[in-house]
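Worksheet: one structure, shown below.
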Amino acid sequence: MTHDAPRLLPCGDTAFTIEFGSSIDAGLSARVLALDAALAQRALPGVVETVPTYRSLTVHLDPLRADPAELGRAVLALAGEPLAAVPSPRLWRIPVVYGGAFGIDLDAVAAHHGLTPEAVIARHSAPDYSVAMIGFLPGYAYLEGLDPGLALSRRPSPRPVTPAGTISIGGAQALVASIAAPSGWHLLGRTPEKTFVPERDPVFLLRPGDRVRFVPTPAERWDTLAAAAEAGEPVAELCEG
Amino acid sequence: MSAHLHLARLTGAASLQDGGRRGYLRFGLSASGPMDPLAFAAANRLVGNPADAAALELGLAGASLRVEGGAARLALAGAPSGLRLDGEPLAAHRSFVLREGSELTVERPREGVFAYLAAAGGFPVCSVMGSRALHQRAALGGLDGRACREGDRLPLAAPASGEADQSLDPISLERDAPIRVVLGPQDDLFSQAGLATFLGEAFTVSNRADRMGYQLDGPEIAHGAGGFNIVSDATVAGSVQVPGSGRPIVLLADRQTTGGYPKIATVISADLRRIAQRRPGETLRFAAVDLATATRLAREAAARIAALGTRLRPVEGEAERLMAANLAGAAVDAFRDGD
């Protein structure tokens, strides 16, 4: 865990970033989420939106309502205070069908690490992850908490399309993909849950700071669960702590 | 059946955009909205709309349009594009009524990229997550989550009323001066030579330019000793990210919200429209300004949009029509000669 002083980085006249560090680290992510929560509580004039990432919080502002430099200094000061970590009361248990056509890279990942596919599934579904960042594409949830024994740098060339609901790993990160997209990550499985439904309230199932646990699910259950998800029924289980 | 605007012919890109979809950056969804907010607001104000009503954004596009089931008050603003009503030249930056049976043609712009066609009352397509703006990658907004195509029929809100036509001075694309940036957030990950290249050399807009971002060709921007991979952090509209190739990409309205390449600088918000209006093959330069200057320019840009309503002038009679169509230059000169 690093405890360097946070840095204020300008992002033009409509945003700035408070950077806590440069790595993927549970301690950094907790500080980012703590600052995010503190800002939401304080409702500083001119703050429009905030974007937590693994290691930084970007604050979007309205330059008509706040001076970006002054607001940046105020938030930096707040970031330097010992903010209480905010453990999320929300834990999602997300069903995942691993391997086979659902996770075409499971065997290769297992072989790379000298593990059985079952051991990879066990290690991937063991932790309570934290949603450290949602980004790149709408609803793409990047998780903190991957077993370091599973970490694996990305594929040399991305696949042109990977399906919605793909559960994958890249480097030290784990991902829940909301919509179909190209990806260079290693595909371990797939969830029938829909994490991004524009017509639903809430539109996005997962929020930054949520905890996530993957529940290995037999392939025979896919059709039933997928049909339920298609009908708008929740497939992931929400456990409020 | 209510009135529709029929896109009888379309070449190039076209999508419905409004003020944008706010509040979802933390969920990975960029705001979309117009690439040239000033021209977009001008088109809307010309037809009596709020500045952020849904309008048709044309990107290097030509089109022929007809109204079905009524008449529409329309206006075009932005990249200068030849406009004809039943073959007769018509000025941009003024409103006019398109009647059933008439045809409006919009030529591909002579310069710049984006022109905006606004209709009185906006285009009442479904609002998705608080906005009608198309976000193509997410398939949200626009016409059923997609861009406009030839043959589409865009719903119109209200029949054109008897209000006077309005005009505005043409919106300048402000193409000559450098694109202004504030350095950072990761300018410290570039070498001195890399920074000097970025601020000293000219870059060319490549063919890989769309609403997500413009990739620029030109000299390679050298990273520092730390390399070009960072743990992903958030992007903003105007982020200038530099991947390993050293070729910068300026992220724009439909950008990815996070990225793992260092960002050498951020285009100031007032100049986003200026870079958006540069087309592939055109060169540009960057110049650094401080944050206070960028903030002042942002406020001036907002004031300019807010003042559009007070700058509207009624279009009266033939002389103004000709003047607005830039056909009256000779007549004005003749008048001066005789004075």
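Does A:ASP107 fit the bill of being of a type in the set (Asp, Glu) and more than 16 Å from A:GLN173 (Cα to Cα)? For A:ASP107, the condition - of a type in the set (Asp, Glu) and more than 16 Å from A:GLN173 (Cα to Cα) - is met.
Rundown of residues vs (1) surrounded by 24 or more Cβ atoms within 10 Å (Cβ to Cβ); (2) part of a helix (DSSP H, G or I); (3) within 24 Å of the chain's Cα centre (by Cα), yes/no style:
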position	(1), (2), (3)
A:VAL59	yes, no, yes
A:LEU64	no, no, no
A:LEU71	no, yes, no
A:ALA85	no, no, yes
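In the stretch B:177-190, the residues that are in contact (Cβ under 8 Å) with a residue 12 or more places away in the chain and small (Gly, Ala, Ser) form no Cβ pair under 6 Å with any partner that is surrounded by fewer than 23 Cβ atoms within 10 Å (Cβ to Cβ) and part of a loop (DSSP other than H, G, I, E, B), whether six or more places apart or across chains. Residues in the stretch B:292-314 that are within 13 Å of chain A (Cβ to nearest Cβ) and in contact with a Lys or Arg (Cβ under 9 Å, 6 or more places away or on another chain) were compared, and the one that is nearest to B:HIS93 (Cα to Cα) is B:ILE305.
Regarding the stretch A:162-174, can at least one residue be identified that is over 26 Å from B:ASP233 (Cβ atoms) and in the same structural domain as A:VAL197 (by TED's automatic domain parsing)? The answer is yes, given that some residue of the stretch A:162-174 is over 26 Å from B:ASP233 (Cβ atoms) and in the same structural domain as A:VAL197 (by TED's automatic domain parsing). Go through (1) at pLDDT 95 or above; (2) within 11 Å of another protein chain (Cβ to nearest Cβ); (3) in contact with an Asp or Glu (Cβ under 8 Å, 6 or more places away or on another chain) for B:ARG285 and report which single condition fails. Failed condition: (2). B:VAL47 meets the conditions (1) surrounded by 24 or more Cβ atoms within 10 Å (Cβ to Cβ); (2) farther than 17 Å from B:ARG137 by Cα; (3) under 14 Å from the mean Cα position of the chain (by Cα) in every case but one. The failed one is (3). The residues of the stretch B:173-198 that are more than 14 Å from chain A (Cβ to nearest Cβ) and either at pLDDT below 95 or under 24 Å from B:ARG278 (Cα atoms) (or both), listed by number, are B:LEU173, B:GLU174, B:ARG175, B:ASP176, B:ALA177, B:PRO178, B:GLY194, B:LEU195, B:ALA196, B:THR197, B:PHE198.
Just one of the listed residues (A:TYR98, A:TYR54) is under 21 Å from A:GLY165 (Cβ atoms) and among the aromatic types (Phe, Trp, Tyr), namely A:TYR98. Looking at the stretch B:64-163, the strands (runs of 3 or more DSSP E) lying wholly inside it that each contain 3 or more residues that are in contact (Cβ under 8 Å) with a residue 40 or more places away in the chain and either more than 14 Å from chain A (Cβ to nearest Cβ) or surrounded by fewer than 18 Cβ atoms within 10 Å (Cβ to Cβ) (or both) sit at B:72-78, B:95-98, B:104-106, B:114-119, B:153-155. Scanning the stretch A:1-36 for residues that are away from chain B (no Cβ under 12 Å) and touching a residue at least 40 places away in the same chain (Cβ under 8 Å) yields A:ALA5, A:PRO6, A:ALA26, A:ALA30, A:ARG31, A:ALA34, A:LEU35. Could you say whether any residue in the stretch A:82-97 is free of Cβ contacts under 8 Å to residues at least 24 places away in the same chain and of a type outside the set (Val, Ile, Thr)? Yes, there is a match, as at least one residue in the stretch A:82-97 is free of Cβ contacts under 8 Å to residues at least 24 places away in the same chain and of a type outside the set (Val, Ile, Thr).
The values are calculated or read from the model by the stated rules, or taken from the named source; none is laboratory data. Remember, it's a predicted structure, so these values are computed and weren't measured experimentally. Cβ sites come from the backbone with ideal geometry, for glycine too, and all protein chains shown count toward neighbours.
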